[in-house]
Ligand SMILES: Cc1ncc(COP(=O)(O)O)c(C=O)c1O
């Protein structure tokens, strides 16, 4: 247990050495480097760099007394009013004119496609690597997904590929903000304006992210959020549709909400449909209460997660060949699901797979190959029987393939874990120091 011993030794001698350490900070890093030089990789039988417990490191969601109290109140006094209250809170927090809570992100996306009211065969550009629910509801509305490659450093829609794939049938562009990283909506929005296309947003990973100070989810004509348990704003299940105009709000609402049309304006085309239009997308009021509580603490949570990941990434991305999902300075991203890293094998002098194996051996137990969530090989997108018009899928998606080759998906800690965070840095530095042996 060399690492543990070194650490114990440090603590024991800290009182004596503290003065010297303070006076000569460079000695610390030199001593650290020297220590790591002598160590053996865990892969080769050495002590693991990670000794701190990871048991509770990634627990999510993290609910507390406020959530328990709010849910219990619904249980004791059942009513649907929490749904209205959530919608009001949401409009205020994100400064959007209209929104409707739905039972999940998928239903909010289905409602969005219905609200578009586009002619059969209309093409909508979507990323080739995203979550299935972003695209599949299109098949119920006779819309045609056109798969756009992703940019291998942002994992978001590639703006150049988007421009190349424009046809006379293109009606809308529907990017996702993958893992909480805003897509290039300024450029995409300019392109949409120039070509007369509708901009939509899948903001299911990006609660609280912004670009140029404007929240993601408020750029597009319509947008959707998910409150599923893993999301930055988790309500176990739930979703929200965002609408910039009243017509879209009413049409998206009438698809899945009955006895609701009396709230529409008298002149609405939809006010006569008491029973809605046949589906039921109502959110559970307990989920609405959970979402309200989580909305109150969203900014604090996002800031804490971000600060912790920055402490890690700012150090480890100084190692040769190691990069992170590219961040623009005019963007305030949030973090969702994994900390996406990339390895340039030539610069690093080791293969991605070997690197992942060595990190795992050090106790970085949550490392996986951070692949693109490439959908186009799934039979659902290839079989004509499920579609009025088959999705348009190009032969090659070099951006997505590049991510598959270079990605490293690192789980992140969902509460303050300073010791573990530091040990992760040590593990990466140790593997890099010994990479020639790998
Ligand atoms: C990008 C994206 N869009 C849509 C959805 C669907 O949301 P839900 O699971 O709430 O239906 C998800 C869910 O993971 C998602 O990741």
- request: Taking the options 124, 109, 135, name whichever one is out of contact with any helix residue (DSSP H, G or I) (no Cβ under 7 Å at 6 or more places or on another chain), under 30 Å from residue 403 (Cβ atoms) and touching a residue at least 60 places away in the same chain (Cβ under 8 Å).
  value: 135
message: Among the listed residues 112, 118, identify the single one that is touching a strand residue (DSSP E or B) at 6+ places or on another chain (Cβ under 6 Å) and in a helix (DSSP H, G or I).
response: 112
Selection count, region 141-150, where residues are within 15 Å of the ligand (Cβ to nearest atom) and more than 18 Å from residue 399 (Cα to Cα): 1
task: Identify the residue in region 228-248 that is within 11 Å of the ligand (Cβ to nearest atom) and in contact with a strand residue (DSSP E or B) (Cβ under 6 Å, 6 or more places away or on another chain) and, among all such residues, is nearest to residue 100 (Cα to Cα).
output: 240
- line: Residues of region 105-133 being surrounded by fewer than 23 Cβ atoms within 10 Å (Cβ to Cβ) and within 20 Å of the chain's Cα centre (by Cα), in sequence order, are 106, 131, 132, 133
Residue match in region 197-205 (condition: touching a strand residue (DSSP E or B) at 6+ places or on another chain (Cβ under 7 Å), away from the ligand (no atom under 16 Å from the Cβ) and in a loop (DSSP other than H, G, I, E, B)): yes
Odd one out for residue 219, checked against (1) assigned to a loop (DSSP other than H, G, I, E, B); (2) within 15 Å of the ligand (Cβ to nearest atom); (3) buried (at least 24 other Cβ atoms within 10 Å of the Cβ): (2)
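Any read-out appearing in this document is the output of simple, stated calculations on the displayed coordinates, not a laboratory observation. Since this is a predicted model, take the numbers as computed values, not measurements. Here Cβ is always computed from backbone atoms with ideal geometry, including for glycine, and neighbour counts include all displayed protein chains.
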